[in-house]
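Report on one structure; see the data block that follows.
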Amino acid sequence: MNEIPRDLFYTKEHEWLRCEDGGIVTIGITDHAQAALGDLVYVELPEIGQDIDEAGEMAVVESVKAASDVYSPISGRVLTVNEELADVPEKINSDPYGDGWIVRMKPMNNIDESRLMSPDSYQQFINDLED
Amino acid sequence: MGSKTILFEKHNEAGARIIDFGGWDMPLHYGSQKQEHQAVRQNAGVFDVSHMTIIDLSGEYVRAFLQYLVANDVAKLQDFGKALYSVMLNADGGVIDDLIIYFISDNNYRLVVNAATRDKDLAWIKNQAKSFNVIVNERDELAMIAVQGPNARQLAVDSIAVEHRDAVLALRPFYSLKAGNMFIARTGYTGEDGWELCMPAAEALEVWDQLISRGVAPCGLGARDTLRLEAAMNLYGADMDESVSPLESGLNWTISWEPIERDFIGRAALEKLRNSPDRRRFVGLLLQDKGVLRNHQKVVVQGIGEGEITSGGFSPSIGRSIALARLPAGDYDRATVEIRGKLLKVRIVKTPFVRNGKIKIDIEG
């Protein structure tokens, strides 16, 4: 079974979002996403300082199988990117919610939680996909 | 729901991710495609290839028939058991399929063709066989297991009936023999040593379990693809199909031009292209930058023209991305590949990329 931490928000595109101190958010892809992609071999990261719109392309993750876009769950500015993924993309496989984070952003607006999924909704969403 | 091999439940029990492949529900991987790949390069892996189509041909004129049906020449098969790789062409010289032909006895040959092309291959072969009085017998009751890797034969030999073990261990590369209920060939699709084992489906269950219990890694179609790509072995439907010539697919070495009297299907079309200055190249590419080459990406050769990647991916052995590509004629060894709007540098390298556990290309340079 795929892990779905209780303290995160989720999207239908299988991204997760964590609200950190200071109004910053960390974004990555879910355990379900990494398992579906298979071994990751390359991650294309955005530029620091880049502004990205909600649902805009934020990163590209490439596995042995295919390339997949990662979309930003919010509008905001990229503060930092996980540079380690350039050399060790498989961190996303081994620790998707920890060392495998992808970007930290400063949101443009207050986070509208109604546009994101709770852990329970995301679990239900995955269950429905697998049926 | 697709067709299932006899080993389907074994794959499920082993936690396989199942995908559709040519109408078959097959394992893509059992957790990590990269680990499966490395297991084959360093130790041994086992693949369920029961979805592949086994066809036995028999008849007095079967040799003459094969000399007409395929582009390579079965006259090269002088010893019983010897295998030959070939393409089967249409009249325009396009590739209907690639296959392996095993010389069983004077009037008997075994073909192994691709799963996704089964229907059209059988229809084509049966149609051509009529005038040669050749009997075409599909052996879909047989399962097929490929065990591959430097330690594969050593780990698999105990699954073979005792009285046949010495003979099977003595098999040279690209030879086969019948050992009781099993047909064993020292062939494969990974660039490593190993065997392909054909047997009655029910017996495959036990052989599979035995191999797993001896530490042979179950491997899915994902690893099979990266292994064959590193070995620069063509994949039908990606590197060649009915719209392209084997001469533009890196398969020149499989065409038997001599004797010139031998009239195989597609020969006239090949002759026309053979000495054409416009004949496209089929090459190996090594990506110089980070990123991943993928099928159908555009290759730009500065001042010459454009081509396309036919199969690309990440090479676990090299740690970089590699590809096979069809490119315009010309004398050059650098090109660029368009990935998401950017042109990334690639170098043309002599294939195979990897063979018998060793990297064969110059990575620097």
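Quick notes on this one:
- Candidate aspartates and glutamates for bridging to B:Lys178, where Cα separation is under 17 Å - those fewer than 8 sequence places away on the same chain excluded: B:Asp56, B:Asp79, B:Asp106, B:Glu141, B:Asp158, B:Glu163, B:Asp166, B:Glu196, B:Glu203
- Of the residues A:Asp95, A:Asp87, A:Asp69, the one that moves most in a GNM of chain A with alpha-carbon contacts below 10 Å is A:Asp87.
- Highest-first arrangement of B:44-50, A:18-24, B:230-236, B:1-7, where packing means the average Cβ count within 10 Å: B:44-50, B:230-236, B:1-7, A:18-24
- The residue among B:Asn275, B:Ala123, A:Ser63 whose Cα reaches farthest toward the positive pole of the charge dipole of the protein assembly as shown, with charges on the beta-carbon of Lys, Arg, Asp and Glu, is B:Asn275.
- Each eigenvalue of the Cα gyration tensor of segment B:257-312, multiplied by 5 and square-rooted, gives one semi-axis; in descending order these are 33, 14, 9 Å.
- Global form of segment B:165-297, assessed from the alpha-carbon gyration tensor, a/c cut-off 1.5: oblate
- Per-residue average of Cβ from other chains inside 10 Å of A:12-25: 0
- Fraction of accessible area attributable to carbon and sulfur, chain A (%, probe 1.4 Å): 43
- The convex hull defined by the C-alpha atoms of segment B:33-96 has an orientation-averaged projected area of 7.1 nm².
- Test item: B:179-192 mean partner chain Cβ contacts at 10 Å: 0
- Estimated Rh, segment B:302-363: Kirkwood, alpha-carbon pairs, angstrom: 12.8
- Over segment A:9-110, all Cα pairs binned in 10 Å intervals from 0 give whole-percent P(r) values of 17, 55, 26, 2, listed from short to long.
- Cα centre as origin, Lys/Arg/Asp/Glu Cβ charges: segment B:119-256 dipole, Debye: 360
- Interatomic Cα distance distribution for segment B:1-125, bins of 5 angstrom, percent: 2, 10, 17, 17, 15, 14, 13, 9, 4, 0
- Along each principal axis, Cα extent of the protein assembly as shown, largest first, Å: 83, 57, 39
- Whole-percent carbon and sulfur share, accessible surface of segment B:1-142, 1.4 Å: 48
- Partner aspartates and glutamates for B:Lys358 [C-alpha distance under 19 Å; skip if fewer than 8 residues away on the same chain]: B:Glu36, B:Glu192, B:Asp193, B:Asp225, B:Glu230
- Gyration tensor analysis over the Cα atoms of chain B returns equivalent ellipsoid semi-axes of 32, 28, 18 Å (largest first, whole Å).
The values are calculated or read from the model by the stated rules, or taken from the named source; none is laboratory data. Source: prediction; values computed, not measured. FYI the Cβ positions are ideal-geometry reconstructions off the backbone, even for glycines, and counts take in every protein chain you see. Quick note on the areas: whole protein, heavy atoms, side chains included, nothing else; ligands and nucleic acids left out. Shrake-Rupley method; radii C 1.70, N 1.55, O 1.52, S 1.80 Å.
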